[in-house]
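Scroll down for the structure; my scribbles are underneath it.
The numbers here are math on the coordinates, done by the rules we state, and not lab data. Values in this document were obtained by computation on a predicted structure and should not be read as measured data. Cβ placement follows ideal geometry from the backbone for every residue including glycine, while neighbour counts extend to all protein chains displayed.
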């Protein structure tokens with residue numbers, strides 16, 4: 001494992017996806033236990049994507065967590081998919097996480113609500129009532145966080161949840177990930193938590209494996225912090241952790257980021 005701090009963000013790189021996922025799950029579990037020793041309830045937001053598979057697998061296996069005192073949210077949802085579509089993010093998390101752990105409450109974002117704007121307001125009110133303690137997220141191939149693609153990302157967004165249209169890179173990623181067999185099947189719009197709604201969490205854990213994410217990781221850590229690269233905002237989070245595997249970190253050595261890295265273990 002190698003670590004480096006970029007601005008405020010602690011970046012850890014591991015040889016394999018499994019090691020990355022196990023390490024992220026362990027750190028999240030430690031923070032969760034610490035918060036539960038201080039508070040009656042902890043509120044968490046989760047990302048739904050294949051990039052989170054290893055992390056979620058190891059998180060479910062963590063011992064000693066009073067999940068009944070943890071409330072769960074997810075950070076985005078397609079508009080217009082059938083209610084039982086496996087690509088739906090609520091359905092993904094139900095299979096991988098929500099049905100495997102006895103959470104106190106799970107709050108689902110409904111992409112089939114009759115009025116998407118009303119659904120945004122409903123979910124925003126729930127988030128206000130349950131201020132976020134921990135967010136567990138990923139980064140898209142275009143550096144999006146949740147569905148805040150570069151053309152809709154706003155670091156000062158006045159909204160908590162909003163309707164967005166998805167750019168082509170984002171939609172093509174869903175095909176690259178094997179979630180859809182053709183880009184024409186990928187929805188063109190979605191509901192998403194905004195950038196401020198994500199980074200307001202007291203603790204932020206970002207899990208990003210895979211060669212397809214290596215360019216996004218490079219941009220996130222080396223380019224100017226701006227909406228052109230939405231994930232770059234993570235470098236300002238004082239309690240932020242970025243977990244990489246060998247493949248997602250492959251472009252960092254040539255940029256000199258690892259010149260100051262201290263190998264551990």
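Just a few scattered comments:
- Rg over Rh [alpha-carbon atoms, Kirkwood Rh] for the stretch 83-230: 0.94
- Potential extension, residue 189-residue 63 segment - 0.36 nm per residue separation minus Cα distance: 41.6 nm
- Expected 222 nm ellipticity per residue - DSSP helices of 4 or more, -39500 (n - 2.57), all of the chain, to 500: -8000 deg cm²/dmol
- Relative contact order, percent, the stretch 2-253 [alpha-carbon distance under 8 Å, six or more residues apart]: 26 percent
- Working from label points 7 Å from Cα in the Cα-to-Cβ sense, the residue 7 to residue 169 distance is 1.7 nm.
- Options [x] 48, 48, 47; [y] 70, 36, 34; [z] 53, 43, 34 - which one matches Cα extents along the principal axes in Å as calculated here: [z]
- Cβ-Cβ FRET estimate between residue 38 and residue 95, R0 fixed at 35 Å, reported to 0.05: 0.65
- Sorted ascending by nearby beta carbons within 10 Å, beginning with the fewest, 219, 203 become 219, 203.
- FRET efficiency for residue 105 and residue 253, using Cβ-Cβ distance with R0 set to 41 Å, rounded to 0.05: 0.40
- For the chain, built as a Gaussian network whose Cα springs stay under 10 Å, the top-fluctuating residue of 72, 197, 85: 85
- Taking 191, 109, 36 as the candidate residues, the one with maximal mean-square fluctuation in a Gaussian network model of the chain, Cα springs under 10 Å, is 36.
- Within the stretch 2-253, percent of DSSP bridges classed antiparallel, to nearest 5: 35 percent
- Among 190, 49, 113, residue whose mean-square fluctuation peaks in a GNM of the chain (springs only between Cα atoms under 10 Å): 113
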